[in-house]
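The block underneath contains the structure these notes are about, expressed in structure tokens.
The values are calculated or read from the model by the stated rules, or taken from the named source; none is laboratory data. Computed from a prediction, not measured in an experiment: that's the story for all the values here. Note that each Cβ is placed from the backbone with ideal geometry, even for glycine, and that neighbours are counted across all protein chains shown. Remember, those area values only see protein heavy atoms, side chains included, never the ligands or the DNA or RNA. Shrake-Rupley method; radii C 1.70, N 1.55, O 1.52, S 1.80 Å.
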Amino acid sequence: MAGSAAVLEDGSLISRLDRRLLKAEQLLALLSGLAVFSLMILAVVSVGGRNAANAPLPGYVDWIEQIMPLIAFMGIAYVQRQGGHIRMDIFIGALRGRALWLFELVSVVLILLLMLALVWGSWSHFLRSFDFAAPLWSRDSSIDIGLPIWPAKLLAPVAFAVLALRLLLQVWGYGRALVLGLEAPVAVPLIQSAAEQAAAEADQMQGHDTNGSGQG
């Protein structure tokens, strides 16, 4: 299962790189959220057009096919940074010190190897669809209104490459913690207990209340 995690920061090189990569991850996550919103708008337009004028949105399914990779892939690196992907926190939470960092390091290395393979495979899949000499640079298109498919296919290797960069940073962070015996390393998600999670949420709510009082 996935739990709540915190990512510590300081002035070290790895932490500065973590914050810079976070900006790109947040942008991709924002695009994913906007894609979800646009999908809702398309549904309203299509259903409204069908009910009002018996004229649903042309190529509705084609547009969904184009948008789904944005929803599925763009936020995965950000979720990895936050420690939000599905994992066995009950088991991991029982480990401490170097045993914990070793387990985390091995798991992240395995994920990194998988992602590198997926980057290579998805990029090859994109190249089979893309052709500068073809109309709209596409060798294939959607069935209904003929949208080029290569933009959607390009999203997968881009998202996987960003995730691979995040995993490289985490390999560095966990490896550094393992070698130095750090208690709370930076640039990696640290599992929070229920009490720590509640305290963090209380601090966040207190910050909102303070800002609201100051504006008032």
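Quick notes
- Per residue, the stretch 1-131 exposes 59 Å² of solvent-accessible protein surface, assessed with a 1.4 angstrom probe and all protein chains in place.
- Positive dipole terminus of the stretch 32-102, leading residue within LEU70, TRP101, ILE41 (C-beta point charges): TRP101
- Anisotropy class assigned to the stretch 1-104 is prolate, per the alpha carbon gyration tensor with a/c at or over the 1.5 cut-off and a/b larger than b/c.
- Phi-based couplings in Hz for the stretch 146-153 (Karplus 6.51, -1.76, 1.60; Gly and Pro marked x): x, 6, x, 8, 4, x, 5, 5
- Its residues counted as N, the stretch 75-172 yields a C-alpha radius of gyration over 2.2 N^0.38 Å of 1.44.
- Amide H contacts of LEU147 (H built 1.01 Å from N, in plane; Pro and chain starts excluded): SER142 sit under 5 Å, all sequence-distant by 5 or more or on other chains.
- Residues whose amide H lies under 5 Å from that of SER138, counting only those 5 or more places away or on a different chain, are ASP131; hydrogens are built 1.01 Å from N in the peptide plane.
- Taking amide H positions as modeled 1.01 Å from N, with prolines and chain starts lacking one, the residues under 5 Å from VAL7 and 5 or more places away or on another chain are LEU190.
- With every protein chain in place, the stretch 1-92: carbon and sulfur % of accessible area (1.4 Å): 72 percent
- Karplus-derived 3J(HN,Hα), 6.51/-1.76/1.60, for each residue of the stretch 126-136, Hz, glycine and proline x: 5, 5, 5, 9, 9, 7, 4, 7, 8, x, 6
- Taking each residue as 0.36 nm, the span from MET68 to LEU42 lengthens on full extension beyond its C-alpha to C-alpha distance by 8.1 nm.
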